[in-house]
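The values are calculated or read from the model by the stated rules, or taken from the named source; none is laboratory data. Predicted, not measured: the structure shown is a model, and the values here were computed from it. As a convention, Cβ positions derive from the backbone with ideal geometry for all residues, glycine included, and neighbour counts pool all protein chains shown.
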Amino acid sequence: MSLPEFKLDGRVYIVTGGGRGLGVALAGALVEAGAKKVYCIDLLGEPHEGWHQMKSGLKTLGERLVHKSQNTTDEKGIESLFAEIVMTEGRLDGLICAAVFPLFSDAILSLYSS
């Protein structure tokens, strides 16, 4: 079944938290839907093994999956990286925020330690 309304041909996306887990799964789906380029932004200096597996599985579609290391809580760093991507690609069509910033991590950890 073809769903033309979900075709993303020629579009450019950013996925925060795209170096592993749900982020890389969403990034892969964007590539499969036709995205020209998907930038996976993650705190990891090197993407997780799952990212490499996804990229390998998409190799017939070309070099559409790109990893960039960046802390998403660094506002100036993120602004600079987004500007670089727009300058390089000439566009930015969407953003998926899959990065997790555990605001309540201490509270959650205390629940499990008692």
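Summary table
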| read-out | value |
| --- | --- |
| Filter pass, residue 62 being of a type in the set (Gly, Ala, Ser), loosely packed, with under 12 Cβ neighbours inside 10 Å and either on the phi > 0 side of the Ramachandran plot or modelled with pLDDT of 95 or more (or both) | yes |
| Candidate set from segment 80-99 (those that are surrounded by 14 or more Cβ atoms within 10 Å (Cβ to Cβ) and either farther than 23 Å from residue 69 by Cβ or of a type in the set (A, V, I, L, M) (or both)); member that is modelled with the lowest pLDDT | 99 |
| Test: residue in segment 52-68 that is under 10 Å from the mean Cα position of the chain (by Cα) and in a loop (DSSP other than H, G, I, E, B) | no |
| Extreme residue, nearest to residue 92 (Cα to Cα), among residues of segment 1-51 that are part of a helix (DSSP H, G or I) and in contact with a His (Cβ under 9 Å, 6 or more places away or on another chain) | 24 |
| Qualifying residues in segment 28-51 (those that are among the β-branched types (Val, Ile, Thr) and closer than 16 Å to residue 62 by Cα) - the one modelled with the highest pLDDT | 38 |
| Matching residues in segment 69-99 - criterion: being closer than 24 Å to residue 32 by Cα and either part of a loop (DSSP other than H, G, I, E, B) or under 12 Å from the mean Cα position of the chain (by Cα) (or both) | 69, 90, 91, 92, 93, 94, 95, 96, 97, 98, 99 |
